[in-house]
Amino acid sequence: MTTPQDTIRLTTAQAIIRWLANQFIEIDGQEMRLCGGGFGIFGHGNVTCLGEALYGVREELPLYRGQNEQSMGFAAAGYAKQWLRQRFMFCTASAGPGTSNLLTSAALAHANRLPMLLLCGDTFLTRLPDPVLQQMENFGDPTFGVNDAFKPVVRYWDRITHPAQVIQSMPAALATMLDPGDCGPAFLGLPQDVQGWAYDYPTGFFAKKVHRIRRLTPDVEEVSDAATLLAGAKRPMIIAGGGVQYSRAVAELTSFAEKYQIPVVETIAGRANMLATHPLNIGPVGVTGSDSANAIAEQADVIVAVGTRLQDFTTGSWTAFSKEARFISVNAARHDASKHMSLSVVGDAKLSLQALGTALDYQAPSDWVALAQEERRKWNSYVAGNVAYGNGPNSYAQAIGVVNSLCDKRDRIVAAAGGLPAEVTANWRTLDIGTVDVEFGFSCMGYEISGAWGARIAQCEREPDQDTIVFIGDGSYLMLNSDIYSSVLSQKKLIILVLDNGGFAVINKLQNNTGNESFNNLLADCPTIATPFAVDFEAHAASQGAIAETVSNPSDLGEAFKRAKASDRTYVIVMQVDPCEGWTTEGHAWWEVGTPEISDSNKVQAAHDDWEASRNKQRKGV
């Protein structure tokens, strides 16, 4: 029997990993480790000490070998998203460039409010061997290095300068990652010498602990004020964001909407909060939304925003709503709940919707609901035609339609950057709750395959018979694809659709829409490329161990997809799509982008004037 005075002598690295392995959480009645393991690339800055500690718990905390540090972070984000922030992965990288490669993925996790633990090598605390390999010397401040660059992109940052600090730093980092309002990545800089220093730790520090994710009870007065405002609404609307799923409040959202007959629109992060067939699901809202959702958004007088950051693609840069509309923002994060002079309800989405439902005596006008549903019927008709094979050249929408018709309802869909997030958001018909991951918080090219690998690892822990399906363009594929190899090595099958349009086609479209000539986006429009040619994506994917094939049209894509479903290995399907024709032309709202106020080009000047003509609809912070 141990006593409070008992100690165990461990290195800093050993203490961190032993503590981490003893943190648990209960999910749906099942107790499991809070940390699902990690992704690692070893170098001199983490292999000798942290690597030694991780080897001792290789069964409890499985370590997946990464191919690229940035992609490891994306995989950790995909894992956390699949687990609805209830579990996380760590990433470990060596000092210098290995660690700095994680900056982009830390920013992605920060923007998306996702937990991720970064255990990164750092320079020697004693400075005796300085300057060391891969050290960035700051002449005016020797304590300032590459790892300090993480401070703006993480929610918790610390540099361990003594082994005893672990006793306070690890619980503080974990508390940040589990906090619904402050959730995000946590960073620990681990100097190479300090990792190996030993200390007599109290044994009680390593006792097993089962954690809970706090549910913040909303303030009674805030709920009362929100109920009063909503009770007077003639044209109410709910915006359902990703926070609804993180709160596990989908049932409460649906029940609330049904009880009061309030139309619901979804953000990009909130896709798959409701089934496509639900009569109150009016569609995705905003810049890459739907005509149905945008039509009621501009008429709504009271808008209940639940679990959303109200990002510009949701708000149409704040032109999607009437200037007279009032917002009720339900959010666990005070920062998000107070945006645009919203009537704030700071609290957990599940508890807040329950409390608001108890306080409210109301029914939305039936003619308003009928209008919203008629708009959705028209949008459904448009989407059906938009995804149909034969309506034009090969398109993203057609490929989406094929997969939507053949996949299992519990398969997970992943997209992230380029034109596919908009196309998936507009055209995908949700078959089951929580099955869509469109990473549009940071919209990071390269997340698609890596994030899907992490999601697949998580999916295998609960739904191993389902598939994770990736939509990716040629541009994102070329930027980061090495986790095709990772997925094959780890036997975590992915289905990857590479839709090749010959470059960065969606930015070419934006370039043209703002009056500019095509330049440096499509390969054919790059002056420095004398003879453009396409990558053999099929051969490239096959070289990484995947099964791969190229198809020529959506009909053949469907047959290939059936083969992919039947396969037990990562399967890559390549299809060319038209870079200019076949885009979803409906469902858009105004989006503020910077355009030249003056230009020698008449087309650019005319496009600027046309773009600015919609600015008068913009709500200016109120």
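The values are calculated or read from the model by the stated rules, or taken from the named source; none is laboratory data. Just so it is clear, the structure is predicted and the values come from calculations on it, not from any experiment. So basically every Cβ, Gly included, is an ideal-geometry build from the backbone, and we count neighbours across all protein chains shown. These area figures cover heavy atoms from the full protein model, side chains too; ligands, DNA and RNA do not enter into them. Shrake-Rupley method; radii C 1.70, N 1.55, O 1.52, S 1.80 Å.
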Residues of the range 267-289 that turn out to be over 22 Å from residue 360 (Cβ atoms) and under 23 Å from the mean Cα position of the chain (by Cα), as a count: 14
For the range 480-514, what are the residues that are out of contact with any Asp or Glu (no Cβ under 9 Å at 6 or more places or on another chain), open to solvent by less than 20 Å² (accessible area, probe 1.4 Å) and over 19 Å from residue 450 (Cα atoms)? 514
Looking at 308, 319 in this structure, which one is in contact (Cβ under 8 Å) with a residue 60 or more places away in the chain, under 19 Å from residue 182 (Cβ atoms) and among the β-branched types (Val, Ile, Thr)? 308
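Okay, residues lined up against (1) charged (D, E, K, R); (2) not in a helix (DSSP H, G or I):
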{"residue": "345", "(1), (2)": "no, yes"}
{"residue": "354", "(1), (2)": "no, no"}
{"residue": "363", "(1), (2)": "no, yes"}
{"residue": "367", "(1), (2)": "yes, no"}
{"residue": "372", "(1), (2)": "no, no"}
{"residue": "379", "(1), (2)": "no, no"}
{"residue": "394", "(1), (2)": "no, yes"}
{"residue": "402", "(1), (2)": "no, no"}
Looking only at residues in the range 154-213 that are among the aromatic types (Phe, Trp, Tyr) and farther than 13 Å from residue 118 by Cα, which one is most open to solvent (accessible area, probe 1.4 Å)? 197
Count of residues meeting criterion [assigned to a helix (DSSP H, G or I) and either among the charged types (D, E, K, R) or surrounded by fewer than 18 Cβ atoms within 10 Å (Cβ to Cβ) (or both)] in the range 524-556: 8
Here are some conditions: (1) among the hydrophobic types (A, V, I, L, M, F, W, C); (2) over 25 Å from residue 237 (Cβ atoms); (3) in contact (Cβ under 8 Å) with a residue 40 or more places away in the chain; (4) open to solvent by less than 60 Å² (accessible area, probe 1.4 Å). Residue 388 meets all but one. Which one does it not meet? (3)
Taking the range 601-622 as the search range and keeping residues that are part of a loop (DSSP other than H, G, I, E, B) and out of contact with any Phe, Trp or Tyr (no Cβ under 7 Å at 6 or more places or on another chain), which one is modelled with the lowest pLDDT? 622
For residue 40, are the conditions met, namely being open to solvent by less than 10 Å² (accessible area, probe 1.4 Å), touching a Lys or Arg at 6+ places or on another chain (Cβ under 7 Å) and closer than 15 Å to residue 119 by Cβ? yes
When the range 27-59 is checked residue by residue, the ones that are under 25 Å from residue 132 (Cα atoms) and of a type in the set (D, E, K, R) are 52
